[in-house]
Amino acid sequence: MSDIKRSSRKIFIGSLVIGGDSPVAVQSMAATQTQDLEETARQIEILEQAGADVIRIAVDNEADVVALETLRKKFPNPIFSVDLQENYRLAPKVAPLVNKIRYNPGHLYHLDKDKSILQKVEFIVDAARSYNCAIRIGVNCGSIDPEYKEKFKEDQIEGMVRCAVDHCKILDDLNFTNYCVSLKDSDFDKVIDANRRFAKERPDVPLHLGVTEAGLPPEGVIKTRIAFEQLISAGIGDTIRVSLTLPNEQKGEEIAVGREILKDIEQGRFRSVPKNFLDGINIIACPSCSRVENDKFVDLAQEVRQITKYAESHKITIAVMGCRVNGPGETDDADLGLWCGPLKVNLKKGTEALGAYSYDEILSRLKLELDLIISSRVNLKKGTEALGSYSYEEILGELKRELDLIISTRIGQEPIAK
Ligand code: SF4
């Protein structure tokens, strides 16, 4: 990429090389249930046509492995990567069918509690090595390894970085070097910070970049662009995914948007962020995957945006997640969170569960809670201009910030005394 220098080493994902001076690879993931062969094959076709360098497929159980086998026969050429969710024991079964395996250190706890993390990672590495697969150590802020979460309570980002660095050391000690790392969050500032800290410590390890749950376009695109512009222009990042909440037929847009961002960065075109971006309501939504519990999820995310438009000047975060696996954890930091089950949508306020509601009821219940939050806030104004509403914890800091701004403007306007 032009003048941008990266110091990562090269790794091999089938015939694709990432790292070093290789082009930044663009990937996406099938959003369908893997066992739905017709729909998943359609997703693969869409992503292939869009020019995806890597197509990711989620595998959770033996039936998914059987489906993957069928899909591989139908599509022998694309670079496939499997996201092993909780079931690390499937590694030897999926490795012969794919080119890369991703494991999440935060999910290694769920099975075989009598085995150590080291034993489980060694098991995955053995499978990858036997079939010439690459590995991605995928750390997510929303599902961080409990040990690191507890140890780094005051600095979540450091917890992510330490977890990633420690897992790199495990793979290094096992003499396995064909791996990359990702450190993701739905907050682009955290993504930038985590990847910078990691790259400083392990510049040799290729990084896969992404802002998880970036949400609906155009906000999801802007959040992702901010993170990629900061990191890739500094030589950090070897492969990317733009995670957008889109109907399945439009999944190819993730690839097109990723390529557009890369081209802009390469040509030094940095897009400015719209004024007041995320100063008001912030809707985060997962990009959906095979785990989505109800096909209504994407519509629900779009409807949440529609019905909350009246509250757009209020600094409130609403998270909309597609499944029970990551939904409960990934909504903890939002003011209001929704995660989908097959028939009901679960509503949360921060970490507090408020109940489960049918897909028909949920929007009115959400609006009720949103109104309650808004009514409990303090509105801040500057003259006749509304500056937004803030919680009682936030208002004093915000007031001071505005006051400092006014004072600095006035000092700047004072005539110089002779
Ligand atoms: S929250 Fe669930 S459905 Fe959404 S992308 Fe994550 S795993 Fe998939």
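The values are calculated or read from the model by the stated rules, or taken from the named source; none is laboratory data. Note that the coordinates shown come from a computational prediction; the quantities given were computed from them, not determined experimentally. Using ideal geometry, Cβ is built from the backbone for each residue, glycine included, and neighbour counts are taken over all protein chains shown.
So is PHE198 surrounded by fewer than 22 Cβ atoms within 10 Å (Cβ to Cβ) and outside the structural domain of CYS289 (by TED's automatic domain parsing) or not?
no
Here is a check on your reading of the model: is SER389 more than 26 Å from LEU244 (Cβ to Cβ), surrounded by 14 or more Cβ atoms within 10 Å (Cβ to Cβ) and in contact (Cβ under 8 Å) with a residue 40 or more places away in the chain?
yes
Can you pull out every residue in region 320-353 that is within 15 Å of the ligand (Cβ to nearest atom) and in contact with a Lys or Arg (Cβ under 7 Å, 6 or more places away or on another chain)?
GLY322, CYS323, VAL325, THR331, GLY337, TRP339, GLY341, listed by residue number.
Name the residue, out of GLU352, GLU369, that is acidic (Asp, Glu) and surrounded by fewer than 12 Cβ atoms within 10 Å (Cβ to Cβ).
The match here is GLU352.
Quick check on my filter: what residues within region 13-37 are crowded, with 21+ Cβ neighbours inside 10 Å and β-branched (Val, Ile, Thr)?
Once the filter is applied, which keeps residues that are crowded, with 21+ Cβ neighbours inside 10 Å and β-branched (Val, Ile, Thr), region 13-37 yields ILE13, ILE18, VAL24, VAL26, THR32, THR34.
Please go through region 262-283 and pick out each residue that is in a loop (DSSP other than H, G, I, E, B), more than 17 Å from GLY337 (Cβ to Cβ) and not small (Gly, Ala, Ser).
Result: GLN267, ARG269, PHE270, ARG271, VAL273, PRO274, LYS275, ASN276, PHE277, LEU278, ASP279.
Check every one of the helices (runs of 4 or more DSSP H) wholly within region 116-188 and list those with 2 or more residues that are at pLDDT below 95.
146-151
Among the residues of region 237-255, are any farther than 25 Å from ASN294 by Cβ, of a type in the set (Gly, Ala, Ser) and outside any helix (DSSP H, G or I)?
yes
Name the single residue that is nearest to ASP333 (Cα to Cα) among those in region 126-168 being charged (D, E, K, R) and buried (at least 18 other Cβ atoms within 10 Å of the Cβ).
Here the residue is ASP145.
Which pairs turn up if I take residues in region 283-296 that are under 17 Å from ALA58 (Cα atoms) and of a type in the set (A, V, I, L, M) and look for partners that are more than 7 Å from the ligand (Cβ to nearest atom) and at pLDDT 90 or above with beta carbon separation below 8 Å, at least 6 apart in sequence or on another chain?
VAL292/ALA31; VAL292/GLN33; VAL292/CYS340
Only one residue in ALA256, ALA227 is at pLDDT 95 or above, aliphatic (A, V, I, L, M) and closer than 21 Å to GLU48 by Cβ, so which one is that?
So the residue among ALA256, ALA227 that is at pLDDT 95 or above, aliphatic (A, V, I, L, M) and closer than 21 Å to GLU48 by Cβ is ALA256.
Among LEU216, LEU278, LEU171, LEU262, which is the only one that is within 16 Å of the ligand (Cβ to nearest atom) and surrounded by fewer than 24 Cβ atoms within 10 Å (Cβ to Cβ)?
From the options LEU216, LEU278, LEU171, LEU262, the qualifying one is LEU216.
For region 59-82, how many residues are buried (at least 22 other Cβ atoms within 10 Å of the Cβ) and either assigned to a strand (DSSP E or B) or of a type in the set (Lys, Arg) (or both)?
Of the residues in that region, 4 qualify.
What is the one condition in (1) surrounded by 22 or more Cβ atoms within 10 Å (Cβ to Cβ); (2) more than 16 Å from the ligand (Cβ to nearest atom); (3) within 22 Å of LEU262 (Cα to Cα) that ILE55 does not satisfy?
(2)
Would you point out the residue of region 58-106, among those that are of a type in the set (Val, Ile, Thr) and in contact with an Asp or Glu (Cβ under 8 Å, 6 or more places away or on another chain), that is nearest to the ligand (Cβ to nearest atom)?
Here the answer is VAL59.
May I ask you to list the residues in region 196-231 that are under 26 Å from PHE176 (Cα atoms) and among the β-branched types (Val, Ile, Thr)?
Once the filter is applied, which keeps residues that are under 26 Å from PHE176 (Cα atoms) and among the β-branched types (Val, Ile, Thr), region 196-231 yields only VAL205.
State which residue is nearest to the chain's Cα centre (by Cα) when the search covers only region 284-319 and only residues that are of a type in the set (Ser, Thr, Tyr) and either within 11 Å of the ligand (Cβ to nearest atom) or in a helix (DSSP H, G or I) (or both).
Result: SER288.
Scan VAL24, VAL17 and give me the residue that is away from the ligand (no atom under 16 Å from the Cβ), touching a residue at least 60 places away in the same chain (Cβ under 8 Å) and more than 15 Å from LYS251 (Cβ to Cβ).
One residue alone meets the criteria, VAL24.
Going by the structure shown, is ARG259 in contact (Cβ under 8 Å) with a residue 60 or more places away in the chain and outside any loop (DSSP other than H, G, I, E, B)?
In short, yes.
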